[in-house]
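So the structure is just underneath, and the comments pick up after that.
The values are calculated or read from the model by the stated rules, or taken from the named source; none is laboratory data. All of these numbers come straight from a predicted model, not from anything done at the bench. Side chains included, ligands, DNA and RNA excluded: accessible areas come from the protein's heavy atoms. Shrake-Rupley method; radii C 1.70, N 1.55, O 1.52, S 1.80 Å.
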Amino acid sequence: MSKLHLVFGGRVTDPRTLDFADLKSIDIVGVFPDYASAEKAWRAAAQRTVDDAEMKYVVVHLHRLLEPELLKPAG
């Protein structure tokens, strides 16, 4: 399985949290095949909104959500 990564962001109610204020207005940047390309997209999106403290972008490791058993220790 590819190590898919989702980059998205939006306005948060508190910059210290991931409580998005309006889920209907989430900005989906895209899905990327590796962390390096996801990080590049995340940096570009975050830079566009650097002056707005209530905007937050994140990278989500989709492969970890799709196959959580891979995170369990062997044994």
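Using 0.36 nm per residue and subtracting the Cα-Cα separation, the extra length available between Asp19 and Val60 on full extension is 13.3 nm. To the nearest 10 degrees, how steeply does helix 35-48 sit against the main Cα axis of the chain, on a 0 to 90 scale? Relative to the chain, helix 35-48 is tipped by roughly 10 degrees. Rolling a 1.4 angstrom probe over the protein heavy atoms with all chains in place gives the chain an accessible area of 73 Å² per residue.
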